[in-house]
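The values are calculated or read from the model by the stated rules, or taken from the named source; none is laboratory data. Treat the numbers as computed from the prediction; the structure is a model and nothing was measured. Here the Cβ positions follow ideal geometry from the backbone for every residue, glycine too, while neighbour counts run over all protein chains shown. Please note that ligands, DNA and RNA were not included when accessible areas were found on the heavy atoms of the full protein model with its side chains. Shrake-Rupley method; radii C 1.70, N 1.55, O 1.52, S 1.80 Å.
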Amino acid sequence: MLATSDIVQKLWNLCHVLRDDGITYLQYVTELTYLLFLKMMQETGNEAQLPESYRWGNLVDREGQDLMNFYRELLVHLGSSAASQRVQAIFSNAQTSLKQPRILKKLVQSIDELDWFSEHRDEFGDLYEGLLQKNADEKKSGAGQYFTPRPLIDCMVSLMQPQPGEVIQDPAAGTGGFLIAADRSIREHHDPFEWTAKQQEFQRRQAFCGVELVQDAHRLLLMNLMLHGIEGDVRLGDTLSSDGQQLAKANLILTNPPFGTKKGGGLPSRDDFTYPTSNKQLAFLQHIYRNLKPEGRAAVVLPDNVLFEGNVGKQIRADLMDKCNLHTILRLPTGIFYAQGVKTNVLFFTRGKSEKGNTQEVWVYDMRANMPQFGKRTQLTRSHFTEFEAAFGDDPLGRPASLAKRQDTGDQGRFRCFARDWIADRNENLDIAWLRDESESGTEEMPEPSALAQEAMIEFEAAIAELQGILAELGEEVVEL
(Lines give C-alpha, C1' and ligand atoms only; values in the text may rest on other atoms or scores of the structure.)
Protein backbone atom coordinates (compact mmCIF):
# COMPACT_ATOMS: atom_id res chain seq x y z
CA MET A 1 0.00 0.00 0.00
CA LEU A 2 1.54 3.34 -1.08
CA ALA A 3 1.70 6.31 1.28
CA THR A 4 0.07 9.57 0.17
CA SER A 5 3.51 11.15 -0.40
CA ASP A 6 4.51 8.25 -2.67
CA ILE A 7 1.38 8.68 -4.81
CA VAL A 8 2.00 12.43 -5.01
CA GLN A 9 5.54 11.78 -6.24
CA LYS A 10 4.36 9.22 -8.81
CA LEU A 11 1.72 11.62 -10.13
CA TRP A 12 4.20 14.48 -10.23
CA ASN A 13 6.71 12.35 -12.12
CA LEU A 14 4.13 12.00 -14.89
CA CYS A 15 4.73 15.65 -15.75
CA HIS A 16 7.96 14.54 -17.43
CA VAL A 17 5.83 12.59 -19.92
CA LEU A 18 4.20 15.86 -20.96
CA ARG A 19 7.40 17.72 -21.79
CA ASP A 20 7.26 16.45 -25.38
CA ASP A 21 3.81 18.02 -25.70
CA GLY A 22 5.00 21.48 -24.55
CA ILE A 23 2.88 21.41 -21.37
CA THR A 24 3.74 23.82 -18.53
CA TYR A 25 3.67 22.77 -14.86
CA LEU A 26 0.48 24.75 -14.17
CA GLN A 27 -1.19 23.27 -17.27
CA TYR A 28 -0.16 19.84 -16.03
CA VAL A 29 -1.76 20.35 -12.62
CA THR A 30 -4.91 21.66 -14.31
CA GLU A 31 -4.94 18.62 -16.64
CA LEU A 32 -4.52 16.34 -13.64
CA THR A 33 -7.43 18.13 -11.99
CA TYR A 34 -9.79 16.90 -14.71
CA LEU A 35 -8.48 13.33 -14.73
CA LEU A 36 -8.07 12.92 -10.98
CA PHE A 37 -11.55 14.27 -10.39
CA LEU A 38 -13.05 11.58 -12.63
CA LYS A 39 -10.94 8.86 -11.03
CA MET A 40 -11.66 9.96 -7.47
CA MET A 41 -15.40 10.12 -8.16
CA GLN A 42 -15.13 6.47 -9.16
CA GLU A 43 -12.99 5.52 -6.15
CA THR A 44 -15.28 7.22 -3.63
CA GLY A 45 -18.53 5.91 -5.13
CA ASN A 46 -19.77 9.36 -6.16
CA GLU A 47 -20.11 8.85 -9.90
CA ALA A 48 -23.87 9.40 -9.65
CA GLN A 49 -23.03 13.12 -9.88
CA LEU A 50 -21.71 12.50 -13.42
CA PRO A 51 -23.65 11.56 -16.59
CA GLU A 52 -23.42 7.81 -17.17
CA SER A 53 -21.56 8.15 -20.48
CA TYR A 54 -18.95 10.60 -19.15
CA ARG A 55 -17.16 8.75 -16.37
CA TRP A 56 -13.69 7.35 -15.72
CA GLY A 57 -14.45 3.97 -17.25
CA ASN A 58 -15.44 5.64 -20.52
CA LEU A 59 -11.94 7.11 -20.79
CA VAL A 60 -10.08 3.93 -19.85
CA ASP A 61 -11.82 1.93 -22.60
CA ARG A 62 -10.71 4.19 -25.47
CA GLU A 63 -7.56 4.37 -27.61
CA GLY A 64 -5.85 6.75 -30.04
CA GLN A 65 -7.68 9.64 -31.65
CA ASP A 66 -11.00 8.28 -30.43
CA LEU A 67 -9.74 8.78 -26.85
CA MET A 68 -8.60 12.33 -27.59
CA ASN A 69 -11.86 13.29 -29.30
CA PHE A 70 -13.96 11.79 -26.49
CA TYR A 71 -11.86 13.54 -23.82
CA ARG A 72 -12.46 16.92 -25.45
CA GLU A 73 -16.17 16.14 -25.73
CA LEU A 74 -16.26 15.07 -22.06
CA LEU A 75 -14.71 18.36 -20.88
CA VAL A 76 -17.28 20.41 -22.81
CA HIS A 77 -20.21 18.25 -21.70
CA LEU A 78 -19.35 18.29 -17.99
CA GLY A 79 -18.76 22.04 -18.11
CA SER A 80 -22.17 22.74 -19.62
CA SER A 81 -24.56 19.84 -18.91
CA ALA A 82 -23.57 18.09 -15.66
CA ALA A 83 -26.42 17.91 -13.14
CA SER A 84 -24.16 19.08 -10.28
CA GLN A 85 -23.45 22.82 -10.23
CA ARG A 86 -20.10 22.15 -8.52
CA VAL A 87 -19.09 19.71 -11.29
CA GLN A 88 -20.08 22.29 -13.92
CA ALA A 89 -17.98 24.92 -12.15
CA ILE A 90 -14.92 22.63 -12.02
CA PHE A 91 -15.17 21.96 -15.77
CA SER A 92 -16.33 25.46 -16.79
CA ASN A 93 -14.52 26.53 -19.99
CA ALA A 94 -12.25 23.50 -19.59
CA GLN A 95 -9.88 22.80 -22.47
CA THR A 96 -7.12 20.25 -22.77
CA SER A 97 -3.56 21.34 -23.50
CA LEU A 98 -2.70 17.82 -24.66
CA LYS A 99 -2.09 17.29 -28.37
CA GLN A 100 -0.94 13.68 -28.64
CA PRO A 101 -3.35 10.78 -27.91
CA ARG A 102 -0.48 8.56 -26.71
CA ILE A 103 0.36 11.02 -23.92
CA LEU A 104 -3.27 11.23 -22.80
CA LYS A 105 -3.40 7.42 -22.80
CA LYS A 106 -0.22 7.28 -20.72
CA LEU A 107 -1.74 9.64 -18.12
CA VAL A 108 -5.03 7.71 -17.97
CA GLN A 109 -3.26 4.36 -17.63
CA SER A 110 -0.82 5.62 -15.00
CA ILE A 111 -3.60 7.09 -12.85
CA ASP A 112 -5.71 3.95 -13.27
CA GLU A 113 -2.85 1.67 -12.20
CA LEU A 114 -1.97 3.54 -8.99
CA ASP A 115 -2.68 1.80 -5.70
CA TRP A 116 -5.74 3.77 -4.62
CA PHE A 117 -5.93 2.67 -1.04
CA SER A 118 -8.61 4.57 0.84
CA GLU A 119 -11.98 6.23 0.54
CA HIS A 120 -11.25 8.69 3.33
CA ARG A 121 -11.74 12.19 2.00
CA ASP A 122 -8.88 13.60 4.10
CA GLU A 123 -6.37 11.31 2.38
CA PHE A 124 -7.63 12.16 -1.09
CA GLY A 125 -7.57 15.81 -0.13
CA ASP A 126 -4.02 15.53 1.24
CA LEU A 127 -2.98 13.87 -2.00
CA TYR A 128 -4.32 16.74 -4.08
CA GLU A 129 -2.85 19.38 -1.76
CA GLY A 130 0.48 17.60 -2.15
CA LEU A 131 0.29 18.11 -5.91
CA LEU A 132 -0.50 21.81 -5.46
CA GLN A 133 2.49 22.10 -3.10
CA LYS A 134 4.73 20.40 -5.67
CA ASN A 135 3.58 22.90 -8.27
CA ALA A 136 4.34 25.82 -5.97
CA ASP A 137 7.77 24.43 -5.07
CA GLU A 138 8.70 24.08 -8.72
CA LYS A 139 10.23 27.48 -9.50
CA LYS A 140 9.63 27.14 -13.24
CA SER A 141 5.88 26.90 -12.66
CA GLY A 142 5.69 30.46 -11.32
CA ALA A 143 3.05 29.32 -8.81
CA GLY A 144 5.17 30.14 -5.76
CA GLN A 145 4.19 33.79 -5.98
CA TYR A 146 0.58 32.80 -5.30
CA PHE A 147 1.16 29.96 -2.83
CA THR A 148 1.26 30.69 0.89
CA PRO A 149 3.65 28.24 2.59
CA ARG A 150 1.88 25.61 4.70
CA PRO A 151 3.94 26.36 7.88
CA LEU A 152 2.81 30.01 7.74
CA ILE A 153 -0.82 29.02 7.10
CA ASP A 154 -0.75 26.57 10.02
CA CYS A 155 0.76 29.19 12.32
CA MET A 156 -1.90 31.78 11.46
CA VAL A 157 -4.76 29.27 11.78
CA SER A 158 -3.45 27.94 15.11
CA LEU A 159 -3.26 31.43 16.62
CA MET A 160 -6.73 32.44 15.35
CA GLN A 161 -8.38 29.25 16.73
CA PRO A 162 -11.30 28.76 14.27
CA GLN A 163 -14.44 27.41 15.92
CA PRO A 164 -17.46 25.37 14.77
CA GLY A 165 -20.38 27.59 13.80
CA GLU A 166 -18.19 30.47 12.64
CA VAL A 167 -18.23 31.99 9.15
CA ILE A 168 -14.65 31.84 7.87
CA GLN A 169 -13.67 33.80 4.78
CA ASP A 170 -10.75 34.12 2.38
CA PRO A 171 -11.36 36.96 -0.12
CA ALA A 172 -8.30 35.91 -2.15
CA ALA A 173 -8.88 32.18 -1.86
CA GLY A 174 -6.29 30.80 -4.31
CA THR A 175 -6.41 27.01 -4.13
CA GLY A 176 -8.05 27.00 -0.67
CA GLY A 177 -5.09 26.55 1.68
CA PHE A 178 -6.43 28.76 4.49
CA LEU A 179 -9.99 27.42 4.34
CA ILE A 180 -8.87 23.79 4.36
CA ALA A 181 -6.42 24.38 7.22
CA ALA A 182 -9.19 26.08 9.22
CA ASP A 183 -11.54 23.14 8.60
CA ARG A 184 -8.81 20.70 9.62
CA SER A 185 -8.12 22.64 12.83
CA ILE A 186 -11.81 22.68 13.76
CA ARG A 187 -12.09 18.92 13.26
CA GLU A 188 -8.92 18.25 15.25
CA HIS A 189 -10.15 20.24 18.26
CA HIS A 190 -13.88 19.44 18.11
CA ASP A 191 -15.36 15.99 17.52
CA PRO A 192 -17.62 16.13 14.41
CA PHE A 193 -19.48 13.06 15.67
CA GLU A 194 -20.87 15.18 18.49
CA TRP A 195 -22.34 17.75 16.09
CA THR A 196 -26.06 17.78 15.33
CA ALA A 197 -27.22 17.26 11.75
CA LYS A 198 -27.84 21.02 11.52
CA GLN A 199 -24.31 21.79 12.72
CA GLN A 200 -22.79 19.33 10.25
CA GLU A 201 -24.79 20.89 7.41
CA PHE A 202 -23.57 24.35 8.42
CA GLN A 203 -19.93 23.27 8.49
CA ARG A 204 -20.23 21.62 5.11
CA ARG A 205 -22.15 24.30 3.21
CA GLN A 206 -22.07 27.62 5.09
CA ALA A 207 -18.97 27.84 7.28
CA PHE A 208 -16.50 28.68 4.50
CA CYS A 209 -16.71 31.34 1.83
CA GLY A 210 -14.39 33.22 -0.49
CA VAL A 211 -13.61 34.64 -3.90
CA GLU A 212 -10.94 33.73 -6.46
CA LEU A 213 -10.21 35.92 -9.48
CA VAL A 214 -8.41 33.46 -11.80
CA GLN A 215 -10.52 30.72 -13.36
CA ASP A 216 -7.84 28.01 -13.40
CA ALA A 217 -7.05 28.67 -9.73
CA HIS A 218 -10.80 28.66 -8.98
CA ARG A 219 -11.05 25.25 -10.65
CA LEU A 220 -8.28 23.90 -8.42
CA LEU A 221 -9.93 25.56 -5.41
CA LEU A 222 -13.29 23.87 -6.06
CA MET A 223 -11.77 20.44 -6.44
CA ASN A 224 -9.53 20.87 -3.39
CA LEU A 225 -12.50 21.87 -1.21
CA MET A 226 -14.68 19.10 -2.64
CA LEU A 227 -12.07 16.47 -1.78
CA HIS A 228 -12.09 17.81 1.79
CA GLY A 229 -15.86 17.66 2.06
CA ILE A 230 -16.40 21.45 1.90
CA GLU A 231 -19.12 22.92 -0.31
CA GLY A 232 -19.14 26.54 0.82
CA ASP A 233 -19.74 29.66 -1.26
CA VAL A 234 -16.40 30.08 -3.07
CA ARG A 235 -17.16 32.08 -6.17
CA LEU A 236 -15.22 33.07 -9.25
CA GLY A 237 -15.00 36.85 -9.25
CA ASP A 238 -13.22 40.00 -8.11
CA THR A 239 -13.35 40.89 -4.41
CA LEU A 240 -12.61 44.50 -5.33
CA SER A 241 -15.87 44.63 -7.33
CA SER A 242 -19.48 44.03 -6.27
CA ASP A 243 -18.54 40.33 -5.90
CA GLY A 244 -16.79 41.23 -2.65
CA GLN A 245 -19.77 43.18 -1.36
CA GLN A 246 -21.91 40.05 -1.64
CA LEU A 247 -19.73 37.99 0.72
CA ALA A 248 -21.24 37.20 4.10
CA LYS A 249 -19.85 39.04 7.12
CA ALA A 250 -17.24 36.84 8.78
CA ASN A 251 -16.20 35.80 12.27
CA LEU A 252 -12.72 35.06 10.94
CA ILE A 253 -10.82 36.15 7.82
CA LEU A 254 -7.57 34.42 6.84
CA THR A 255 -5.96 35.57 3.62
CA ASN A 256 -2.91 36.51 1.56
CA PRO A 257 -4.12 39.08 -1.01
CA PRO A 258 -2.26 39.35 -4.35
CA PHE A 259 0.65 41.78 -4.57
CA GLY A 260 0.77 44.78 -6.91
CA THR A 261 -1.65 47.40 -8.22
CA LYS A 262 -5.03 46.89 -9.82
CA LYS A 263 -4.56 46.17 -13.54
CA GLY A 264 -4.30 49.39 -15.52
CA GLY A 265 -3.90 51.46 -12.35
CA GLY A 266 -7.67 51.83 -12.03
CA LEU A 267 -9.66 52.07 -8.83
CA PRO A 268 -11.76 49.19 -7.45
CA SER A 269 -15.30 49.18 -8.84
CA ARG A 270 -16.84 49.00 -5.36
CA ASP A 271 -18.83 51.93 -4.01
CA ASP A 272 -18.52 51.05 -0.32
CA PHE A 273 -14.82 51.85 0.24
CA THR A 274 -14.25 55.06 2.20
CA TYR A 275 -10.75 55.44 0.74
CA PRO A 276 -10.53 54.60 -2.99
CA THR A 277 -7.07 53.36 -4.03
CA SER A 278 -5.55 51.39 -6.89
CA ASN A 279 -3.20 49.65 -4.43
CA LYS A 280 -4.73 46.19 -4.25
CA GLN A 281 -3.44 45.36 -0.77
CA LEU A 282 -4.83 48.58 0.71
CA ALA A 283 -8.15 47.93 -1.04
CA PHE A 284 -8.21 44.34 0.25
CA LEU A 285 -7.36 45.57 3.75
CA GLN A 286 -10.44 47.84 3.66
CA HIS A 287 -12.59 44.92 2.53
CA ILE A 288 -11.27 42.73 5.34
CA TYR A 289 -11.83 45.00 8.31
CA ARG A 290 -15.18 46.20 6.93
CA ASN A 291 -16.31 42.60 6.38
CA LEU A 292 -15.67 41.41 9.95
CA LYS A 293 -18.52 41.00 12.40
CA PRO A 294 -18.11 42.81 15.75
CA GLU A 295 -15.33 40.95 17.62
CA GLY A 296 -14.52 39.15 14.38
CA ARG A 297 -10.79 38.55 13.93
CA ALA A 298 -8.37 38.47 11.02
CA ALA A 299 -4.85 37.35 10.15
CA VAL A 300 -3.65 38.85 6.87
CA VAL A 301 -0.38 38.64 4.91
CA LEU A 302 0.58 42.08 3.53
CA PRO A 303 3.77 43.58 2.03
CA ASP A 304 5.80 46.30 3.74
CA ASN A 305 4.48 49.14 1.59
CA VAL A 306 1.03 48.79 3.22
CA LEU A 307 2.67 49.69 6.54
CA PHE A 308 4.32 52.92 5.39
CA GLU A 309 2.61 54.23 2.23
CA GLY A 310 1.47 57.86 2.68
CA ASN A 311 -1.71 59.79 1.89
CA VAL A 312 -4.55 57.27 1.42
CA GLY A 313 -2.39 54.53 2.96
CA LYS A 314 -2.02 56.62 6.13
CA GLN A 315 -5.78 57.19 6.22
CA ILE A 316 -6.57 53.49 5.82
CA ARG A 317 -4.16 52.49 8.59
CA ALA A 318 -5.68 55.10 10.92
CA ASP A 319 -9.18 53.84 10.05
CA LEU A 320 -8.09 50.24 10.66
CA MET A 321 -6.72 51.14 14.10
CA ASP A 322 -9.90 53.07 14.93
CA LYS A 323 -12.33 50.33 13.92
CA CYS A 324 -10.17 47.38 15.01
CA ASN A 325 -7.69 46.42 17.67
CA LEU A 326 -4.54 45.93 15.59
CA HIS A 327 -2.78 44.08 18.38
CA THR A 328 0.06 42.24 16.60
CA ILE A 329 2.31 42.55 13.55
CA LEU A 330 4.67 39.73 12.57
CA ARG A 331 7.55 40.85 10.36
CA LEU A 332 8.14 37.80 8.18
CA PRO A 333 11.57 36.69 6.99
CA THR A 334 12.58 37.20 3.37
CA GLY A 335 12.47 34.50 0.72
CA ILE A 336 9.04 33.10 1.61
CA PHE A 337 7.44 34.39 -1.59
CA TYR A 338 10.48 33.80 -3.76
CA ALA A 339 8.83 34.62 -7.08
CA GLN A 340 8.15 38.15 -5.88
CA GLY A 341 11.04 38.83 -3.51
CA VAL A 342 8.79 41.07 -1.43
CA LYS A 343 9.16 41.73 2.29
CA THR A 344 5.94 40.74 4.02
CA ASN A 345 4.13 40.83 7.35
CA VAL A 346 1.13 39.26 9.05
CA LEU A 347 -1.34 41.69 10.61
CA PHE A 348 -3.55 40.31 13.41
CA PHE A 349 -6.57 42.41 14.36
CA THR A 350 -10.03 42.20 15.93
CA ARG A 351 -13.05 44.28 14.92
CA GLY A 352 -14.28 46.44 17.79
CA LYS A 353 -17.84 46.93 18.97
CA SER A 354 -17.41 50.69 18.48
CA GLU A 355 -15.99 52.60 15.51
CA LYS A 356 -13.29 54.59 17.31
CA GLY A 357 -10.23 54.10 19.47
CA ASN A 358 -9.97 50.32 19.41
CA THR A 359 -6.18 50.12 19.11
CA GLN A 360 -4.33 51.24 22.23
CA GLU A 361 -1.00 49.55 21.49
CA VAL A 362 0.60 47.48 18.75
CA TRP A 363 2.98 44.61 19.44
CA VAL A 364 5.58 43.92 16.74
CA TYR A 365 7.53 40.65 16.48
CA ASP A 366 10.61 40.84 14.26
CA MET A 367 11.16 37.44 12.63
CA ARG A 368 13.12 39.06 9.79
CA ALA A 369 16.34 40.49 11.21
CA ASN A 370 19.21 38.01 11.50
CA MET A 371 17.16 35.17 10.05
CA PRO A 372 18.12 32.86 7.17
CA GLN A 373 17.25 33.73 3.57
CA PHE A 374 14.52 31.13 3.08
CA GLY A 375 14.17 29.33 -0.23
CA LYS A 376 15.33 26.10 -1.81
CA ARG A 377 18.40 25.73 0.43
CA THR A 378 16.71 26.69 3.70
CA GLN A 379 13.14 25.43 3.97
CA LEU A 380 10.64 27.28 6.15
CA THR A 381 9.18 24.94 8.78
CA ARG A 382 6.57 25.26 11.51
CA SER A 383 9.31 25.17 14.15
CA HIS A 384 10.55 28.56 12.92
CA PHE A 385 7.31 30.05 14.34
CA THR A 386 7.55 28.40 17.78
CA GLU A 387 8.96 31.42 19.65
CA PHE A 388 6.52 33.82 18.01
CA GLU A 389 3.53 31.62 18.85
CA ALA A 390 4.66 31.42 22.48
CA ALA A 391 5.06 35.22 22.62
CA PHE A 392 1.66 35.79 20.97
CA GLY A 393 -0.19 33.86 23.69
CA ASP A 394 -3.41 31.88 23.64
CA ASP A 395 -6.00 34.63 23.04
CA PRO A 396 -7.01 34.89 19.34
CA LEU A 397 -8.80 38.22 20.00
CA GLY A 398 -5.80 40.02 21.50
CA ARG A 399 -7.86 41.35 24.41
CA PRO A 400 -6.23 43.73 26.96
CA ALA A 401 -5.97 41.08 29.66
CA SER A 402 -4.02 38.77 27.35
CA LEU A 403 -1.82 41.60 26.03
CA ALA A 404 -0.92 42.49 29.63
CA LYS A 405 0.70 39.05 29.97
CA ARG A 406 3.08 39.66 27.07
CA GLN A 407 6.72 40.54 27.67
CA ASP A 408 8.41 43.46 25.89
CA THR A 409 11.91 42.09 25.26
CA GLY A 410 13.56 45.50 24.80
CA ASP A 411 15.68 46.80 21.94
CA GLN A 412 17.81 43.64 21.85
CA GLY A 413 14.85 41.28 21.65
CA ARG A 414 12.36 40.36 18.96
CA PHE A 415 9.05 41.40 20.62
CA ARG A 416 8.26 45.06 21.34
CA CYS A 417 5.18 47.08 22.29
CA PHE A 418 4.42 50.51 20.78
CA ALA A 419 1.76 52.93 22.02
CA ARG A 420 -0.94 54.15 19.65
CA ASP A 421 0.00 57.81 20.25
CA TRP A 422 3.64 57.07 19.33
CA ILE A 423 2.49 55.50 16.05
CA ALA A 424 0.28 58.53 15.31
CA ASP A 425 3.26 60.85 15.86
CA ARG A 426 5.22 59.00 13.16
CA ASN A 427 2.53 59.53 10.49
CA GLU A 428 0.74 56.24 11.25
CA ASN A 429 3.83 54.41 9.96
CA LEU A 430 3.71 50.79 11.11
CA ASP A 431 6.95 49.72 9.40
CA ILE A 432 8.75 49.45 12.74
CA ALA A 433 12.22 47.92 13.02
CA TRP A 434 14.76 48.22 15.81
CA LEU A 435 17.17 45.27 15.44
CA ARG A 436 20.33 45.76 13.42
CA ASP A 437 20.30 43.05 10.75
CA GLU A 438 23.84 41.68 10.81
CA SER A 439 23.15 39.61 7.69
CA GLU A 440 22.71 42.79 5.63
CA SER A 441 26.40 43.61 6.01
CA GLY A 442 27.41 40.45 4.13
CA THR A 443 26.63 39.15 0.67
CA GLU A 444 26.28 35.42 1.28
CA GLU A 445 22.52 35.55 1.78
CA MET A 446 21.72 38.53 -0.43
CA PRO A 447 18.53 38.07 -2.44
CA GLU A 448 18.80 37.29 -6.13
CA PRO A 449 18.98 40.39 -8.39
CA SER A 450 15.64 39.39 -9.89
CA ALA A 451 14.07 39.39 -6.40
CA LEU A 452 15.47 42.85 -5.66
CA ALA A 453 14.16 44.09 -9.02
CA GLN A 454 10.71 42.66 -8.26
CA GLU A 455 10.65 44.40 -4.89
CA ALA A 456 11.69 47.71 -6.46
CA MET A 457 9.00 47.34 -9.12
CA ILE A 458 6.26 46.83 -6.53
CA GLU A 459 7.37 49.87 -4.51
CA PHE A 460 7.52 51.88 -7.75
CA GLU A 461 4.00 50.72 -8.71
CA ALA A 462 2.73 51.80 -5.30
CA ALA A 463 4.30 55.26 -5.74
CA ILE A 464 2.76 55.63 -9.21
CA ALA A 465 -0.65 54.57 -7.91
CA GLU A 466 -0.39 57.13 -5.11
CA LEU A 467 0.44 59.92 -7.59
CA GLN A 468 -2.43 58.87 -9.84
CA GLY A 469 -4.75 59.09 -6.84
CA ILE A 470 -3.57 62.63 -6.05
CA LEU A 471 -4.18 63.70 -9.67
CA ALA A 472 -7.66 62.16 -9.58
CA GLU A 473 -8.49 64.02 -6.36
CA LEU A 474 -7.38 67.27 -8.00
CA GLY A 475 -9.69 66.59 -10.93
CA GLU A 476 -6.79 66.20 -13.39
CA GLU A 477 -6.71 63.63 -16.16
CA VAL A 478 -4.84 60.51 -15.07
CA VAL A 479 -2.51 59.05 -17.68
CA GLU A 480 -2.25 55.27 -17.36
CA LEU A 481 1.26 53.88 -17.84
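Let me know the shape class of segment 314-428, please: from the alpha-carbon gyration tensor, a ≥ b ≥ c as square roots of the eigenvalues, rounded when a/c is under 1.5, otherwise prolate if a/b is greater than b/c, or oblate. Prolate shape, in that a/c is at least 1.5 and a/b is the bigger ratio. Just check segment 266-313 against the gyration tensor rule for me: Cα atoms, a ≥ b ≥ c as the square roots of the eigenvalues, rounded for a/c under 1.5, and otherwise prolate or oblate depending on whether a/b exceeds b/c. Judged from the Cα gyration tensor, segment 266-313 comes out oblate (a/c at least 1.5, b/c at or above a/b). How much accessible surface area, in Å² rounded to 10, belongs to the heavy atoms of residue 68 with a 1.4 Å probe? Residue 68 has an accessible surface of roughly 0 Å² with all protein chains in place.
Rounded to a whole number of µm²/s, how large is the Stokes-Einstein D of segment 342-393 at 4 °C and 1.567 mPa s, given Rh as the Kirkwood radius over C-alpha pairs? Spell out each step's value before the answer.
Numbers: Rh = 13.9 Å.
Estimated diffusion coefficient is 93 µm²/s.
With a 1.4 Å probe rolled over the protein heavy atoms of all chains, the accessible area of 201, 31 falls in the order 201, 31, largest first. Dividing the mean sequence gap of close Cα pairs (under 8 Å, 6+ apart) by how many residues segment 30-113 holds gives a relative contact order of 33 percent.
Taking a 1.4 Å probe, which of 214, 300 shows the most accessible area, and what order do the others take after it?
Highest to lowest solvent-accessible surface, that is 214, 300.
Extension gain, residue 195-residue 48: 0.36 nm per intervening residue step, less the Cα-Cα distance, totals 50.2 nm. Other residues with beta-carbon under 12 Å from the beta-carbon of residue 60 carry, at +1 per Lys or Arg and -1 per Asp or Glu, a net charge of 0. Does segment 67-118 classify as rounded, prolate or oblate by the C-alpha gyration tensor (a ≥ b ≥ c root eigenvalues; a/c under 1.5 gives rounded; else a/b over b/c gives prolate, otherwise oblate)? Since a/c reaches 1.5 but b/c is at least a/b, the shape of segment 67-118 is classed as oblate. In sequence order, segment 356-367 has phi-based couplings of 9, x, 7, 9, 9, 7, 10, 9, 10, 10, 8, 9 Hz under the Karplus curve 6.51 cos²θ - 1.76 cosθ + 1.60, θ = phi - 60°, and Gly or Pro positions carry x.
Close amide-amide hydrogen proximity is noted between residue 328 and 348, 363, each under 5 Å apart and 5 or more residues distant or on a separate chain (H modeled in the peptide plane; Pro and chain starts excluded).
FRET efficiency for the pair residue 314 and residue 114, taken as 1/(1 + (r/R0)^6) with r the Cβ-Cβ distance and R0 = 45 Å, rounds to 0.25. Across segment 47-56, computed HN-Hα scalar couplings (Karplus, 6.51 cos²θ - 1.76 cosθ + 1.60, θ = phi - 60°) run 5, 4, 6, 10, x, 4, 8, 10, 10, 4 Hz from first to last residue, x flagging Gly and Pro.
Ranked from largest to smallest solvent-accessible area, with a 1.4 Å probe on the protein heavy atoms, 422, 363 come out as 422, 363. What does the charge count around residue 165 come to, taking other residues whose C-beta lies under 15 Å from its C-beta (Lys +1, Arg +1, Asp -1, Glu -1)? Surrounding charge for residue 165 is +1. Less than 5 angstrom separates the built amide H of residue 174 from those of 213, all sequence-distant by 5 or more or on a different chain. Spatial offset of segment 24-85 relative to segment 176-232 amounts to 23 Å, using the alpha carbon center of each.
Loop-located trypsin sites (Lys or Arg not before Pro) in segment 45-77 (DSSP state not H, G, I, E or B) with no more than 14 neighbouring Cβ atoms inside 10 Å do not occur. In plain terms, the chain from residue 356 to residue 407 could stretch by 15.7 nm, reckoned as 0.36 nm per residue minus the Cα-Cα distance.
For segment 200-345, the relative contact order is 18 percent, taking Cα pairs closer than 8 Å that sit 6 or more residues apart in sequence and dividing their mean separation by the residue count. Cross-link pairs exceeding 29 Å between alpha carbons, from the set 10/198; 198/293; 39/293; 353/405; 99/134: 10/198; 39/293. For residue 438 and residue 378, the difference between the fully extended length at 0.36 nm per residue and the C-alpha to C-alpha distance is 19.8 nm. Rounded to the nearest whole Hz, the Karplus-based 3J(HN,Hα) values (6.51 cos²θ - 1.76 cosθ + 1.60, θ = phi - 60°) of segment 179-185 follow the sequence 5, 5, 5, 5, 4, 4, 5, with x at glycine and proline. Paramagnetic label reach from residue 163 (point 7 Å along Cα→Cβ; backbone nitrogen cut-off under 12 Å): within segment 280-318, residues 295-297.
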